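As structure tokens, the structure follows; a few thoughts come after it.
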Amino acid sequence: MSVESSLSADTNLTAQRVVRVMQTTMVVTGLHCSSCALAIERALKRTEGVHDAELTFATEKLVVKHNPSLIGTQGIKEIVRKVGFGALEEGEAIETREEAHLRQVRGSRNRVIWAWALGTPVFVMMVVSWFWPQFYFTGYFWWDRFICFIFTTSLLWVGRKFFIGAYQAIRYAHVATTDVLISLGAGSAYVYSVVEQFGFGNPNTYYDIASMVIAFISTGSYLKIRATARASEAIRNLVSMQPRAARVLRDRQAVELPIDHVRHGDLVQVVPGERIPVDGVVKAGSSAVDESMLTGESMPVEKRQGAKVAAGTISVNGMLQIKVTGLGRETMLSQIVKLVEQAQNEKVPILEFTDRLATYLVPLVLALAMSVFAGWAIFYAGPDRWMQAISHMVTVLVISCPCALTLAPGTALMVASGNAARSGILIRSGSVLESAHKLTHIVFDKTGTLTMGKPQVTKVVADGGFTEHEILQMAASAEQASEHPLAGAIVECARASRVDLVDSGEFTALPGLGITSKVAGHRVLVGNARFMQEQLPDLSTAWLERKKALEAEGNTVVLVVVDGGVAGLIALADTVRPEARRTVEELKALGMEVAMLTGDNYQTAQAIAGHLGIERVIAEVLPQEKVSEVKRLQRLAVPRETPFGVRQGRALVAMVGDGINDAPALAQADIGIAVGTGADVAAEASDVTLIRGDLLSLVKTISLSQHTLRIIKQNFIYAFLFNGIGLPLAALGYLPPILASASMGVSSMLVVGNSLRLKRIAAARTNDLSASNLESSKIAA
């Protein structure tokens, strides 16, 4: 075989391998603990054709990498079904997924109703028989125990999903889940009671334990489903904002069509008060558009011809005609939902830790329960030692269910990432929330990040008998025909200052120098010093000194000449964002070192850095050099607080930028943060995107990370507190099985409820920063 044919064969083989490995995402229904997720993962990984499977309990998202020629999506669904759960493909209709979720909630609620309806009479009869045995007959087959037997048997049928789940987990995944703990606990109490009643005619039975375990566990499962739904409501709210129909212009007539029938390039009409159904560009009309669902900013944004608009936003007071550029999954709204789901579904280190812990915990609990049973059966000398042994074994099994432990980090990360999205902060990875509070250095790009990204007139200097108003009028009138950014800034300033522009003629642009024009009979020149020195050999040094003084403040200066004499100067600069100084102050208060990294000249960079209070300035660097600078900062040794004291560690660096040239540095940084008003490629390379371009959102991200980790730690404390206190009490016989099952449900709900506090914390932090941002804007103005 020739070298060429060998390479071709290798290439074809590689291509086949790439084609044969695809990734499928599904939503799994019916999960009630992370060990259930583990069972599904193991069952799939044992299947031929499956390369990897990862299921996140908190989000119920299953990601499977598989060979479609060996196992397809239906085969994956079948395996999930065998383990005892349902599965829906990510691409299936939202309605289908919502209906499945509603069915799950209704089914769980019905089980709770039946569990308490059947379990309460059993519990009452057993308690009455304990305290007032004279009211009941004793012996074989009497009505009170027989009713308890009937009701408990029916109740076990209601809670059969726990027993089926235990069997399927062991049968198909070869793993013991919490269903095994529950089944052994309730089942052993039931079997012992039946044997005692029907085998030995003993009235001392434990039907109440089996009944109450199923009732409490079913209630906890239902509340978990409801609480998880609340934790992920941010995604559903975003999805619900996508209109299902659009008013499309066909032959100048507006025709309402399903969104699936709209095509790229169509003209869509949106009336006042209506949600925009597509991403697009305004072709006609104007309106204030409420973009709060994307950016978190409550003030509407004015949209005119040429402006971009996003699906899900609301046209407030005007009619728009929009040319379609994005549909369905291409829209910004869909991308936001995708990023939020991606962040929630990622197994960050703390989630991997709890999953591993659950893997070992269930077998350990089973071993401990057997030991407790054996210990009471051997060393307890009372006549009811077998009842005592079973009772304490059941209690250990129930109190040790790790539901609260596995919910502890997942629900907090879900709430945090969902609420960040509602505030205009897109977090690509859950690990960002876990590590953002550990950052030691924040590096800002200058242009478009700390500054507005476009020049603005900062000062007009007039002389030679002209006023500032006349200088601005002459220069703006002359620059009307120019496409230079500085010319646009001068014209925009004149219009904002209500300066009347006059017609101009004989316009000539000299690239790199300036322009000449005829304005109201006057010959007007606007340009840089080099241009003016060529045109006016005897240019006064006084004007050059003024120019240098303004440039020292970070301005770009143009001279205005009227009829051969210098009439004045116009200073322009890329103005600092109003919230930039406050952001730097907040970051310093959090103990972080702030630096500026820019390709601009050192003098301009130093002037802006001095205004913002930034001491470390790295200027005049090329895009590839920005990566080297980030790497250099990452190699710095910094003191870190650890449980074992202060230790030296590597610096953690965040890079904040907006341009294409920032993308490599964003990717290199430990956390890349893109200002959403900038280039799309910067957002793609980043871990966090600040959609509305508000730098104070960066402070909120770090603050949210701090609060999230604090909530997760609290959740772990609650979970370990219940299990740590309850387990020895159960083993020693001081905790009844009923209280054990109740405390397990309470601990799970306490963890979820504590995580939901992040909503209020995030909202309060947003309000505080919004107020401070408004105050900063007033000061800047």
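Here are some notes:
- Test: residue in the stretch 479-493 that is farther than 30 Å from Val627 by Cβ and more than 53 Å from the chain's Cα centre (by Cα): no
- Scanning the stretch 478-491 for residues that are in contact with a strand residue (DSSP E or B) (Cβ under 8 Å, 6 or more places away or on another chain) and open to solvent by 60 Å² or more (accessible area, probe 1.4 Å) turns up Gln480, Ala481, His484, Pro485.
- The one condition in (1) part of a helix (DSSP H, G or I); (2) open to solvent by less than 40 Å² (accessible area, probe 1.4 Å) that Phe444 fails to fulfil: (1)
- Residues considered: Ala683, Ala667. Of these, the only one that is at pLDDT below 75, open to solvent by 10 Å² or more (accessible area, probe 1.4 Å) and hydrophobic (A, V, I, L, M, F, W, C) is Ala683.
- The listed residue being open to solvent by less than 20 Å² (accessible area, probe 1.4 Å), in contact (Cβ under 8 Å) with a residue 40 or more places away in the chain and under 20 Å from His484 (Cα atoms), out of Ile570, Ile515: Ile570
- Residues (open to solvent by less than 80 Å² (accessible area, probe 1.4 Å), more than 21 Å from Val112 (Cβ to Cβ) and of a type outside the set (Ser, Thr, Tyr)) located in the stretch 147-177: Ile147, Phe149, Gln168, Ala169, Ala173, Val175, Ala176
- Meets criteria (modelled with pLDDT under 75, among the hydrophobic types (A, V, I, L, M, F, W, C), open to solvent by 10 Å² or more (accessible area, probe 1.4 Å) and more than 13 Å from the chain's Cα centre (by Cα)) for Ile350: yes
- From the options Ala288, Ala231, residue that is closer than 30 Å to Thr411 by Cβ, at pLDDT below 90 and of a type in the set (A, V, I, L, M, F, W, C): Ala231
- Scanning the stretch 35-57 for residues that are over 24 Å from the mean Cα position of the chain (by Cα), over 14 Å from Thr24 (Cα atoms) and outside any helix (DSSP H, G or I) gives Arg46, Thr47, Glu48.
- For the stretch 523-532, a tally of residues being open to solvent by less than 100 Å² (accessible area, probe 1.4 Å) and more than 19 Å from Gly488 (Cβ to Cβ) returns 2.
- Residue in the stretch 443-451 that is among the β-branched types (Val, Ile, Thr) and under 30 Å from Ile712 (Cβ atoms) present: yes
- Search result, residues across the stretch 670-680 that are open to solvent by less than 10 Å² (accessible area, probe 1.4 Å) and either modelled with pLDDT under 80 or not hydrophobic (A, V, I, L, M, F, W, C) (or both): Gly672
- Residue within the stretch 642-649 that is on the phi < 0 side of the Ramachandran plot, of a type in the set (Val, Ile, Thr) and modelled with pLDDT of 85 or more present: no
- Close contacts from the stretch 479-507, counting a first residue that is farther than 16 Å from Gly521 by Cα and a second that is part of a helix (DSSP H, G or I) and open to solvent by 60 Å² or more (accessible area, probe 1.4 Å), with Cβ to Cβ under 8 Å and a gap of 6+ residues or different chains, come to Ser497/His469; Val499/His469.
The values are calculated or read from the model by the stated rules, or taken from the named source; none is laboratory data. Only a predicted model underlies this, so the values are computations on that prediction, with no experimental measurement involved. Quick reminder, even Gly has a Cβ in these numbers, built from the backbone with ideal geometry, and neighbours come from all protein chains shown. In case anyone asks, the SASA skips ligands and DNA or RNA and just uses the protein heavy atoms, side chains included. Shrake-Rupley method; radii C 1.70, N 1.55, O 1.52, S 1.80 Å.
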